[in-house]
Amino acid sequence: MTLWLMAGLLFTPLAWAVLTLLMNFTWGRLVTWVGIVVQVLVSLGLWLAVSRDGGFYYGLGGWEAPLGIELRVDGLAVTFVLLTAVVASACGWHAGVYIDADKPWHRYFWPLFWFLWSGLNAVWLGGDLFNLYVGLELISLSAVGLVALGGKAGALRASIRYLLAALLGSLAYLLGVALIYGQFGTLSIAGVVFWLEEHPVPAGSSLALALMVTGLALKTALFPLHRWLPPAHGIAKSPVSALLSALVVKASFYIAARLWLELGEPLGNLAAAQLVGLLGSAAIVWGSWLACRQLELKQVVAYSSVAQIGYLFLLFPLTYSVSESVTLQAQQGITLQVISHALAKAAMFLAAGNLILSTGSSRVDALKGVSRFLPFSLFSFGLAGVSLMSLPPSGGFAAKWLLLQASLGSGQWWWVLVLLVGGLLSAAYVFRIYRASFLESSETDHFYHPPRSLEIIPMILALLSLGLGLVSAEVLSVMALPFEEEGSP
Amino acid sequence: MTLNTWIPVLALMTSLIASLVIFALPEKGYRLRTAVNLGAALLKLGLVVVMVWGVFRGVGYGVSFTMVPGVTFVLKADAFSMMFAGLSAVLWLLTTIYAVGYLEDSPNRSRFFGFFSLCVASTMGIALAGNLFTFFLFYEMLTLSTYPLVVHRGTEKALKAGRTYVIYTLTGGAVLLLAIAWLHGVVGDLPFREGGHFTGSDPDIHRSLTLIFILLVAGLGVKAAIFPLHGWLPQAMVAPAPVSALLHAVAVVKAGAFGIVRVVHDVYGVDASSALGLLEPLAWLAAFTIIYASVRALWQVDLKRRLAFSTVSQVSYIILGVSIFGPVAAVGGLVHLLHQGIMKITLFFCAGNYAETLGIHRIDEMDGAGRRMPGTSVAFTIGAFGMIGAPPLAGFITKWTMGSGALAVNMDWVVVVLVASSLLNAAYFLPVLYRLWFRKPAAHWPHERQWGRLETSAWLFWPPLLTAVMTVMVGVLASLPFSPLSWAELIVLREYSP
Amino acid sequence: MMLPEPLLVIMAVCLPLLYPAMALRAAWERAMRYALPVLPLPALVLALGSEPGWQLEMPWLLNGGLWAVDGVRRLFLLLTAVLWMVAGIYAVGCLRPDHLRRFCVFWGLTLAGNLGLTVAVDIGSFYSFFALMTFAGYGLVVHEGTNEAIRAGRVYLVMAVLGEMAILTGLLLASAAAGSQMLADLPEAIAASPRRDLIMALLIAGFGVKAGLPLLHFWLPLAHPVAPTPASAVLSGAMIKAGLLGWLVTLPFGEVAMPGWGALMIVAGAVGAIGAAVLGVCQQRPKAVLAYSSISQMGLMVLMVGVALADSGRAPVLFSVIALYALHHGLAKGSLFLSAGVSLPAGAMRRAVVWLLIALPGLSLAGLPFTSGALAKLAMKEGLLENRLEFALAGYLSPLMTAGAVATLLLILRYLWTLSAKLGTGHNPPMLVAGWLAAVGVSLVAFWWMPWEAGGLVESPVWLPAPYQLWALVWPMLIALGLALLTLWASRLVKQR
C-alpha cells in the first residue's frame, strides 16, 4: 500500500510528464486533468495514512540508506504534499483554461508542470541531502522552463537570469553537501545527526551548513539575493507565477529549514541565526516598500513574495537556543506561514491574471472601475490580500500570532516590531490595489469577462487560505503526530 | 451541542450568510436583495431577543474551540454583549431599510449590501466575542468590511478618506494585536469574566499589565476615536449616509468603546484597573476628548463633519463613565453606548435625508428646511436635543446618571465636564435648529427631488422618525425593565458584585 | 369631582403635549387655531376642582416619576391655566395666518412644559418640563421673525441654556446630596450639605434667569416685547413665575436660617424693584415698559423670597403671600400685555370705558384699593412686618416696599402714556376682545373667588381695607402721581422752549 502511494507520488508525475511531452496542448490538458485527480487522491491517501498511523521512514525499493533513496514521511512532509496537490491542481486547472492553446510552444507547459510536481514531492519527502539536491534541480530547471514559456524577449531574459541564480545556488548547496559528505561520510540528515550525537563537532562543518543555507537562500530569494525573483515571477504566465511563488521558493526554504532544525543547534551560532533573521526582516521591509512602488499588478504581487519570504527566515533566530515551547511555536508559525502564503499567493496571482485578462493591461491604474465589472476576481484578490496582511481569521494571522508568541517568549522582542511593521506595510500595498479598483472612472471601459471557472479557482484558494486560521489547530496537530523511529538508521 | 450553543453562532451567521448571498446576487435583483437583507435583519433581531431574554434569566449561551494552539475561539452571550448585539440588531434593521431607499438607482449595490452585512456580522462577532483573541478577530474583520463602504462612492476624496481610515485603524489593530499577544504571553488565554482577572494579582507583573493596558487602550482608542487618534472619523464622512450612520452610531466607534469597556471590566476588572492607577488618566483623556471635539465641532460648516466631531465627543462619554470607579457612573457610561447610538443614527439619517432629498450638505444651506421636510426635521431636532442632554431624552439620562455617579465618588470635575460639554453641544446644535425652523428658505434647494406624497422616499422617511421616537422613549421610560438604563444596571450589578 | 385626579393631571399635561401633532396635516390648521383656548382646560378643572393631597406615581418614568399638587403648586397651576386660557382666546383673534401652525406647535409645547413643571414632584420630570418650556418658549419669542426678535431670541436662548445648566448642576448636586430623586427631599439635604453654598448659588442663578433676577434679566426686556402679544402675556405672566416656583420647591426654606443668602436676595430684589423702574420709565414702547414692570414686580417677590430664606420661621407664612402675589401679578400683568394689542373703538364714551379697563389692572398692580393688588400688597406688608422678623435688613423692608409701590405706579403711568401714543382706532376681532375682557375680568373680579389663602394676614372682609391700611396704600400712589405730573409738566416746558 505504502509502496503504491510512494510510487504514485514520485513516479507517476514523471510518467505524466513523459506522456504529455508526446502530445499537443489540448490532449496534454486532458491527460493532465486526469493526472491531477490521481495525484490528489494519492496525496490525500498518504495524508490520511500518516494522520492515522503517524510518520515513518521509508526506503524506496527496499534499499536502505546510504545507498538507496531514503524517504522521510512525517506529518510536515505529508502536509506539504497535500498542499502541493491542492495548489498545483488549482494552477493546472486554471492553466488549462487560461493558456492559449494556439501558440505551439505552449504544449511544453504540461511536461514542465509535471516535472515540477514530481520534484516538489521529492523535496518534501526526501531524507538525504543528495536526493534533495536532485529534487531541487528538477524543480529549478522546470521552473526556468515555465518562465521561458512567457515567450516574449523579456520572459527569456528573466528566465536566463533565473537560471543563473538557480545554478549558482545549486553550486553553493552542492559544495556544502560535498563538505558534509567529506566530514561525516553520510548524506542522510538523520545520519549526520546520529553521528553528531556520538562525536564532537568537526571544524569547518559550520562552513558546510553556511554554504548550503546560502545557496538555498539564493534559490528562495532572500534579501539581498532576491533580484532574480520579481522579473521572473512578474513576467511568467499567471498560473506559472502562482506555482513559482506558492511552491517553488518554498521547496528550497523547506530544505534550509530542515537543515537548520536538525543541524542548526550543533553547527550554527547565535550571530548567524540573528543575521538570517535580520536579512529576513530587511526582506519584509524592503520587499513591501518596493511592492508599494510597482506600477504593474503582477510586479506588486511578486515583490510581495519577496517580503513574505522574509517572514520564513525568522525561523532561524526563533529556534536557536530557545526553550522547547518557543521552538515549537516558531515551527508551527512558520509552517502556517508557508501554507497560507502558498494558498494566498497562488490565489492572488491567478486572480491578478484574471484581472489583467479583463482589463487588457497589466498596470495597476488600469484597474480603475473594475470593481463594477469583475467583483468576483477582485474579491478573491482581496481575500488573498487579507491573508497576506495577516489579518484574522486568515492563516497568515494565525502564523503571525504564533510568531509573536515565539518572539515574546524568547525575549527577542525586536522581531515583534518587524512582524507588526511588516503587516502594516503589506496592508499598504494590498490596499493600493483595492484603492485602484474602487476608483470610479467616468468613461465606462469595455471589460472582457473571463470564463467562470477561471474566477472560481482563485476564490477557492483564497477561501482556503482565509479559513486556514480557523482550523490551524487541526492542521498543526497532524504535524505533531508521533514519528515512528524504528525506521531510522 | 445543544440549541443554546448554536444560537450565538446562528446570530453571527445570519448576516454572514446574507452577505455571501448578496454578493452572489446580480446587480439587478433588487427585490430579492431587499428581501434577503430584511429577512436576515429580522431573523437576527429575533435571535437577539431570544438571547436577551435568556441572559436575563441567567441562561448561558456559548461555543468555543481551539483555533490556534494555545488560544480558543469563544462566542459567548453575557449581559454586556447583549447590549451591543441588541443595538446592532435593531439599528441594522433600520439602517438596511434606510439604505435600500438611499441607494435606489445607484451603482454597485450588491457590493454595498454585501459588505454592509459583513460589517454587521463583524459587529455581532465583536459583541459575542468571549475573549480578547476572538474580539480581535472580528475587530479586524470590521476594519476590512467597512473600508469598501467608506470608499463606496469611488471619488478621489472618498479614496483619500478610506486611506486615512485604513492607516489609522490598521495601525491601531497592530498595536492591539501586540497588546493582546503580550498579555497572552504574560498570563495566557483569558476569557472575559465579570469582575476581571487581576484583582489581587502578582505584583511582579504589574508593570507589564500597566504597559499592556496602555497599548490596549491605544489600539482600541483608534476606533473609539479618543484624542489624538480621532483624525480618521471626520474624514470618513464622505461615505454614503447609511454608512456614516452605521459607522458612527453602531459599528466602528462603538466597537472601540465596547472593547475598552471589556478590557476595563472583564479582563482587568474595575478593582484591579483602579488599583493599578489606570482609570484616572483614562478618565482625564476621555474628558479632554469630550471638550476638545465639541470645540472642534463648533467650526465645522459641513453638517456631517459637525456630527462626526460630535460623535468623537460623545463616544468618550462611554469611556469616561467606565473609567470613573463607581457603579452609578459605569451605568451612565454603558447606557450611553445605546443612547448615543440611537441619537446619532437619527442625526445621520436626517443628514442623509437632507442630502438626498434637497441636496443639502452644508449647514448654511439648511435655512428653512423644516418647512419642506417637517418629519425629518422633527427627528433631527429630537436627536440634537438628546445630544445636548435636554430632558427627558436619552442624553439626559446618561448625563444625569453619570453626574450622580461621579459625585458619589467625589469626582466633581466630571460634572464640570458634563456641563461644559452640554453647553458646547447646545452651541453647535442650536444654530442648526434655528436655521431649520426659523430662517426663510432660499429660493430653491441645491438639488431637489420629489417623492410624491411624503416629504421624501418612504424608505428614508420612517427610520429617522422611529429612532427619534426611540430617543424619546428610552429617556422617558428609563425605569422600565429592559430599558437601556435597567439593562446597564444589570450589567453593572453583575460586574461590581460578580 | 367626576374624574379622578390622576387621570385629570395626565390629561392636563398630555393634551397640550400631543396637540402639536395636529400640525401634521395642513387641513387641520383652522381647528388648531380654535383649539388654543381649550388646551389648559383640564389643568383649570384640576386646579379649581381638586383638593391637594393626592399624588400620581409613575415608577417607570425617567428615574421614577411622581406628580402631585399641594397648596402652593395649586395656586401656580391655577395662574398658569387661567392665563394661558385667556391668552389662548386672545390668540385665536389676533394671530396672523403666516406660520400659524408653527406658532401653535410652540404654544402647545410651552404650555405643556409650564403646566408639567407645576405638577411635577420628582426632579426628572420637573427639570424635563422646565427645559421643554424654556426651549419651546424660544419659538414664541422669535415668532415674528424680525431682526429684533431674532436678536432677542438669541439672547434669550443663550441665557436660558446657561440657566438650564446651572439648574442641572444644582439639581444634580442636591440630588446626590439627598440620595433621592424627589424634589421634596432636596431642601433638607441642601441645608445639611457641605456644598450648600454652591448648590444655593447654582439654583438661585439658574431659576433667576427665568425669574428676571437683576443681572440675569437682560433677555427679558428684549424678549417679552417682541413676542406676539398673547405670547408676551404668558411669558410675563406665567412663565416668569416658573423660576419663582423653582426656588420655592428647591431652596431650603424653613430648614435653617441663612441670613447671608437672604440678605443677598433682599438686595437683589430691591435693586430689581427700583432699578427696573428707573430703566422702565425711559422706555419708548409700551410692551418694553411692561417687561421692566415685570422685573420690578418680580423684584418684590425676590425680596420676599430673601426674607423667607433669612428667617426660617416666617417661611411658611411668606409662601402663601408669595403665591398670592404671584397669582395677582400674573393675572394683572397678563391683562396689561393683552391690552397692548387692542384697538380703540370710535365713540368717546366707549373709548373711556376701554381706557378704564386698560388702566384698572395696572392700578391694581399699584395696589389700588378694592383690587387684588390691594390685597396682595397688604398681605405682603403683614408678612414683612418688622417686629416679627429677626435679621439685620428687616428695618429697610418697609421703605423698600413703599418705594416699590411708587415705582409700580410710575411704570403703569408710563405704560399708559406710551400706549396712548400707539393705540390706533379700529375694529377688533371678536375673539381678541373676548380674550382681553376675560383677562381683565379674571384679574379684577374672578380673583376673589379663587382658592387663594392668606390665612390671617389680612382682616376680613379682605377686599375692603381698613382706613389706616387705605392710607398706607394710597399715599405712595399719590407720590407717584405727583411725580408723573411733574414730569409731564417738565416735558411740556422743555418742548415749549
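Quick notes
- Filtered residues of the range A:1-27 (kept if assigned to a loop (DSSP other than H, G, I, E, B), surrounded by 13 or more Cβ atoms within 10 Å (Cβ to Cβ) and more than 23 Å from the chain's Cα centre (by Cα)): A:M23, A:N24
- Within the range B:1-45, the only residue that satisfies the criterion of being more than 18 Å from B:G125 (Cα to Cα), within 27 Å of the chain's Cα centre (by Cα) and aromatic (F, W, Y) is B:F23.
- Note on the range B:71-80: among residues that are buried (at least 18 other Cβ atoms within 10 Å of the Cβ) and within 12 Å of chain A (Cβ to nearest Cβ), the one that is farthest from the chain's Cα centre (by Cα) is B:V71.
- B:G162 being in a loop (DSSP other than H, G, I, E, B), farther than 24 Å from B:M67 by Cβ and at the interface with chain A (Cβ under 10 Å from one of its Cβ atoms): no
- Selection of the range A:188-224 for residues being outside any helix (DSSP H, G or I) and either basic (K, R) or over 17 Å from the mean Cα position of the chain (by Cα) (or both) yields A:S188, A:H199, A:P200, A:V201, A:P202, A:A203, A:G204, A:P224.
- Yes/no for B:V9 being under 29 Å from A:L470 (Cα atoms) and assigned to a loop (DSSP other than H, G, I, E, B): no
- Condition met for A:L328 (within 14 Å of another protein chain (Cβ to nearest Cβ), free of Cβ contacts under 8 Å to residues at least 40 places away in the same chain and closer than 30 Å to A:F130 by Cβ): yes
- From the list B:I167, B:I212, the lone residue that is crowded, with 17+ Cβ neighbours inside 10 Å, outside any loop (DSSP other than H, G, I, E, B), in contact (Cβ under 8 Å) with a residue 60 or more places away in the chain and within 14 Å of chain A (Cβ to nearest Cβ) is B:I167.
- Considering only residues in the range A:395-440 that are among the small types (G, A, S) and more than 26 Å from A:A302 (Cβ to Cβ), the one that is surrounded by the fewest Cβ atoms within 10 Å (Cβ to Cβ) turns out to be A:G411.
- Residue in the range B:446-455 that is among the small types (G, A, S) and either assigned to a helix (DSSP H, G or I) or within 11 Å of another protein chain (Cβ to nearest Cβ) (or both) present: no
- Counted residues, the range A:318-364 - those being among the polar types (S, T, N, Q) and closer than 30 Å to A:K237 by Cα: 8
- Taking the range A:407-418 as the range and being facing another protein chain (nearest Cβ under 10 Å), under 10 Å from A:A330 (Cβ atoms) and touching a Ser or Thr at 6+ places or on another chain (Cβ under 8 Å) as the test, only A:G409 passes.
- Of everything in the range B:170-209 that is within 11 Å of another protein chain (Cβ to nearest Cβ) and of a type in the set (V, I, T), the residue that is surrounded by the fewest Cβ atoms within 10 Å (Cβ to Cβ) is B:V186.
- Qualifying positions in the range A:306-361 - in a loop (DSSP other than H, G, I, E, B) and under 20 Å from A:G96 (Cα atoms): A:G360
- Filter result (touching a Phe, Trp or Tyr at 6+ places or on another chain (Cβ under 7 Å) and within 30 Å of C:S343 (Cβ to Cβ)) within the range C:358-413: C:G362, C:F370, C:S372, C:L411
- Some residue of the range B:141-158 being more than 11 Å from chain A (Cβ to nearest Cβ) and either over 22 Å from B:V250 (Cα atoms) or surrounded by fewer than 24 Cβ atoms within 10 Å (Cβ to Cβ) (or both): yes
- Only one of C:I167, C:I199 that is in contact (Cβ under 8 Å) with a residue 60 or more places away in the chain, under 23 Å from C:T250 (Cα atoms) and in a helix (DSSP H, G or I): C:I167
- Residue match in the range B:53-63 (condition: within 14 Å of chain A (Cβ to nearest Cβ) and more than 30 Å from B:L465 (Cα to Cα)): yes
- Residue match in the range A:381-394 (condition: more than 23 Å from B:V151 (Cα to Cα), surrounded by 24 or more Cβ atoms within 10 Å (Cβ to Cβ), at pLDDT below 90 and more than 9 Å from every other protein chain (Cβ to nearest Cβ)): yes
- Filter result (within 11 Å of chain A (Cβ to nearest Cβ) and either in contact with a Phe, Trp or Tyr (Cβ under 6 Å, 6 or more places away or on another chain) or crowded, with 24+ Cβ neighbours inside 10 Å (or both)) within the range B:96-117: B:G114
- Hey, A:Y448 among the hydroxyl-bearing types (S, T, Y), facing chain B (nearest Cβ under 8 Å) and over 18 Å from the mean Cα position of the chain (by Cα) or not: no
- When B:P26 is tested against (1) at pLDDT below 80; (2) crowded, with 16+ Cβ neighbours inside 10 Å, just one condition goes unmet, and that condition is (2).
- In the range C:39-158, counting only helices (runs of 4 or more DSSP H) that sit wholly within it, the ones holding 2 or more residues that are within 14 Å of chain B (Cβ to nearest Cβ) and under 30 Å from B:P431 (Cα atoms) span C:100-119, C:123-141.
The values are calculated or read from the model by the stated rules, or taken from the named source; none is laboratory data. Quantities reported herein were computed from a predicted structural model and do not represent experimental measurements. Neighbour counts are summed over all protein chains in view; Cβ atoms, including those assigned to glycine, are modelled from backbone coordinates with ideal geometry.
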